[in-house]
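This report concerns only the one structure given below.
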Amino acid sequence: MSKRQEIQIGIIGVGMIGLEHIRGFRVIPRCKVAAIADSNESQLAKAAAEYAIPQTFTNYKDLLALEEIDGVVICVPSFAHEEIALAALAAGKHVLCEKPMTTSAASAYRMVKRARRAGRILASCSGRYRFSPTVRKAREIITEGELGNVYHVTLSGISRRNRPGLDYHPAATWCLDKSKAGGGAMLDWGIYDLNILFGLFDNLAVERIDGFCFRGIDEPPQDLVFDVEEHGGAFLRCKGGLTVLWERAWAAHMNSSTRVRIFGSRAGLAFDPLAWTQDIFFQIYEDRSGKPVTIAPATDFERWNVNLNIVQDFVEAIQKNRPPATPGEEEYKFLKIIEALYRSHYKSTAVSV
């Protein structure tokens, strides 16, 4: 931490999500965004003027050379994360990467090794939905044993049309190119699903996976490289007998919906982990006096901010020298699972993780 006992943050990439991070850090006590970097000079100048940020750089290495910067948030396309993160860690900075942390397990491993050697925090924004009030409540119910023996989980996230570069964020066509993005829906949003799953259970370990991928919803523009999956899923077998049925789609001819269903020997639980406070879905299914009942607990869950919580966690991790919500080691584990899913699809058989 700087001599002023104030966490000073640098933001690398001030596009849509970079601006969200700037807004988040601005409301955290004893913390400020002291510098930003972006190769787009007009975007950089606009962000600096709007948020009164004193130092701007078109080369991220100049930002990393600032001694007073304690941590950086990397908000550029994921194929550039490793290079910047390794440089930041070598410069003694703590690092928070936008999701996915990087595009392959091998890349994640290199980043984790550098963070360990530097003695610095390496965190991923894929942990932002662990702060959802429904996820936290579900974990509490599971931990207290209210569901009994949990034997099966389903995670389903379907979007009717939500492909980056096509249906929104038109500049993000790189997300459709596997050589740059590493994968499609299962990596882009599936990394959230795995983070939620592992946030619900302690010591979860996936042993085998049988996965599928599909691309072919509508005709994409002919001038785009589009070789990543739009829809995918897997059956996971976990240590101890728990099974997980997992499905995620950027695009499908189906209504959009997100649900987690947890099946236990005493009770079941269903909820939407992505719902904002005003749209909470959370239900418990159990028997009472020999009759099946459905309980919808009071939905006065505390208000939460999907982008604020993850930066608060990063700042607290720096201040208290503790692991962040999603440390690099966990993201490495998630990327191994996703790569096993892709391997299973290509081989048309279940594979070990």
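Does at least one position in segment 228-248 carry a residue that is of a type in the set (S, T, N, Q) and touching a residue at least 12 places away in the same chain (Cβ under 8 Å)? I'd like the intermediate steps shown before the answer.
Residues of segment 228-248 that are of a type in the set (S, T, N, Q), as a first pass: 243.
Within this subset, residues satisfying the condition of being touching a residue at least 12 places away in the same chain (Cβ under 8 Å) are 243.
Checked segment 228-248: at least one residue is of a type in the set (S, T, N, Q) and touching a residue at least 12 places away in the same chain (Cβ under 8 Å).
Restricting the search to segment 277-323, which residues are modelled with pLDDT of 85 or more, among the hydrophobic types (A, V, I, L, M, F, W, C) and either in contact with a His (Cβ under 9 Å, 6 or more places away or on another chain) or exposed (fewer than 10 other Cβ atoms within 10 Å of the Cβ) (or both)?
Ile310, Val311, Phe314, Ala317, Ile318
Go through the residues of segment 164-174 one by one and say whether even a single one is part of a helix (DSSP H, G or I) and either hydrophobic (A, V, I, L, M, F, W, C) or touching a Ser or Thr at 6+ places or on another chain (Cβ under 8 Å) (or both).
Checking segment 164-174: at least one residue is part of a helix (DSSP H, G or I) and either hydrophobic (A, V, I, L, M, F, W, C) or touching a Ser or Thr at 6+ places or on another chain (Cβ under 8 Å) (or both).
What do you reckon, is Val76 assigned to a loop (DSSP other than H, G, I, E, B) and either under 17 Å from the mean Cα position of the chain (by Cα) or not acidic (Asp, Glu) (or both)?
Values: assigned to a loop (DSSP other than H, G, I, E, B): yes; either under 17 Å from the mean Cα position of the chain (by Cα) or not acidic (Asp, Glu) (or both): yes.
Taking the combined requirement at face value, the residue satisfies it.
Output the strands (runs of 3 or more DSSP E) that fall wholly within segment 208-305 and possess 2 or more residues being polar (S, T, N, Q), or say none.
Numbers: elements: 231-238, 243-249, 257-264, 267-271, 282-288, 291-295.
Of the strands (runs of 3 or more DSSP E) lying wholly inside segment 208-305, those with at least 2 residues that are polar (S, T, N, Q) span 257-264.
Taking the residues in segment 94-107 that are over 14 Å from the mean Cα position of the chain (by Cα) and buried (at least 24 other Cβ atoms within 10 Å of the Cβ) as candidates, determine which candidate is farthest from Ile7 (Cα to Cα). Spell out how you get there, then give the answer.
Just the residues of segment 94-107 that are over 14 Å from the mean Cα position of the chain (by Cα), to begin with: 94-95, 104-107.
This time we only want the ones that are buried (at least 24 other Cβ atoms within 10 Å of the Cβ), so: 94-95.
Numbers: His94: 11, Val95: 13 Å.
Going through the qualifying residues, I end up with Val95.
How many of the residues making up segment 17-29 are without any contact (Cβ under 8 Å) to a residue 60 or more places away in the chain and either of a type outside the set (Val, Ile, Thr) or farther than 21 Å from Ile84 by Cβ (or both)?
Residues flagged as without any contact (Cβ under 8 Å) to a residue 60 or more places away in the chain and either of a type outside the set (Val, Ile, Thr) or farther than 21 Å from Ile84 by Cβ (or both) within segment 17-29 amount to 4.
The values are calculated or read from the model by the stated rules, or taken from the named source; none is laboratory data. This one's a predicted model, so the numbers in the text were calculated from it and none came from an experiment. Please note: Cβ atoms are built from the backbone with ideal geometry, for glycine as well, and neighbour counts cover all protein chains shown.
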